[in-house]
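J.: Would you mind keeping the following structure in view while I ask a few things?
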Amino acid sequence: MKLQSLEFKEQGTPETSAAEAQKITAANAAALKKAQEALGKIKANTNFSQVVTQYNESSSSSSWIDAENSPDLAAKVAALKVGGTTDVVETAQGYTIAKLIGSRQEINQITNQPKVEVKAAHLLICYSGSQGCTASTTKDEALAKIKALAKTATPQNFSQLVKKNSTERVPRKPAASSAGFGQGMMVQPFEDAVFPQKVGTISFVVETKFGYHLIYKEAQRNVEEYNVQTIFIPKTQANTASSSVKLGGDNFDRKKFEAVQRPI
C-alpha cells in the first residue's frame, strides 16, 4: 500500500512552534477520546463491525499481524481468546482496538517451514583483524581461550563467564537481549549453529567475522500470527521539518508504520 492523503501544515521554522505543539496535543487527545468512545460501544455489546464502520480511519480493518510487524498490538492480542477484543492500544502512530478472529503458526516465506524464534546469549572472544575488534589478541590466542572457556561453561555459570570474559562490551542485539530473533537476523554461521541446537545447551565453538562464540540457547518458540479486525485512529505527528502530519487517508498502511527493524 502507498501512503496517501497526508495533511501538512508548514510552519516555516526549523522547530515546531508552541502553538503548533498545542494543536498536536489537542488533536491527539481528541483521537484518544474517539478511540475510548469506540471501546465503550464495544463493551456495551455493540456489534464490532458496526463500530468499525463508524470509527475506523484506515482503509483496511482486517489483517494478519505478528510480533515483528506490530509488536505492541500483537502482545495484547496474544492474550485473547478468539472473539475477544483488546482495550485501546497506543503506539507512536495512533490508537488501535483489535478483535481476534483467529491465529496460526507463521510460515517462513523463504524456507516454507514453520517460523521460529530463538532466545540465546553468547560469549565472544574477538581477535586482531576480526570485525569491530580493538583487542591485540591473536587468532590462535583467541581460539585457545574460548576452547578453555568451553570446558567450564554451563547454563548456570554462562552469564558470569560472559561478564568476565566476553570482548563484546556493548552486546549486539538481539543475541544478548531478552527478545527472540528469527532466521535472517544474525550472521550465517551463528544461525547455522543456534537454530538446530537443543534448548538449554551450549554450542561448540562458532567462528564468525566477529570472532569466536559460545552460544547458550535459552529458548525457542513457534511464531504465531494473528488475524485481527481493527479500529485504527491515527495520531497527528510533528515531522523533522516541523510540519504537523496526520497519518491517515484512504491508503494508510498501519503495519508499515508499526514495523520494527531489528539490528543485525
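Residues checked against (1) outside any strand (DSSP E or B); (2) modelled with pLDDT under 95; (3) surrounded by 20 or more Cβ atoms within 10 Å (Cβ to Cβ):
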site: Glu168; (1), (2), (3): yes, yes, no
site: Pro174; (1), (2), (3): yes, yes, yes
site: Ala179; (1), (2), (3): yes, yes, no
site: Met185; (1), (2), (3): yes, yes, no
site: Tyr216; (1), (2), (3): no, no, yes
site: Val228; (1), (2), (3): no, no, yes
site: Ile231; (1), (2), (3): no, no, yes
site: Gln237; (1), (2), (3): no, yes, no
site: Ala241; (1), (2), (3): yes, yes, no
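J.: Starting from the stretch 23-40, keep only residues that are part of a helix (DSSP H, G or I), then list their pairs with residues that are at pLDDT below 95 and hydrophobic (A, V, I, L, M, F, W, C) whose Cβ atoms are within a distance under 6 Å, requiring at least 6 positions of separation or different chains.
T.: Ile24/Ala238
J.: Restricting attention to the stretch 193-214, and to residues there that are in a strand (DSSP E or B) and free of Cβ contacts under 8 Å to residues at least 24 places away in the same chain, which single residue is surrounded by the fewest Cβ atoms within 10 Å (Cβ to Cβ)?
T.: The selected residue is Glu207.
J.: Which condition from (1) surrounded by 14 or more Cβ atoms within 10 Å (Cβ to Cβ); (2) of a type in the set (Gly, Ala, Ser); (3) modelled with pLDDT of 95 or more; (4) not in a helix (DSSP H, G or I) is the one that Gly83 breaks?
T.: Exception for Gly83: condition (1).
The values are calculated or read from the model by the stated rules, or taken from the named source; none is laboratory data. Being a predicted model, the structure only gives us computed values, none of them experimental. Please note: Cβ atoms are built from the backbone with ideal geometry, for glycine as well, and neighbour counts cover all protein chains shown.
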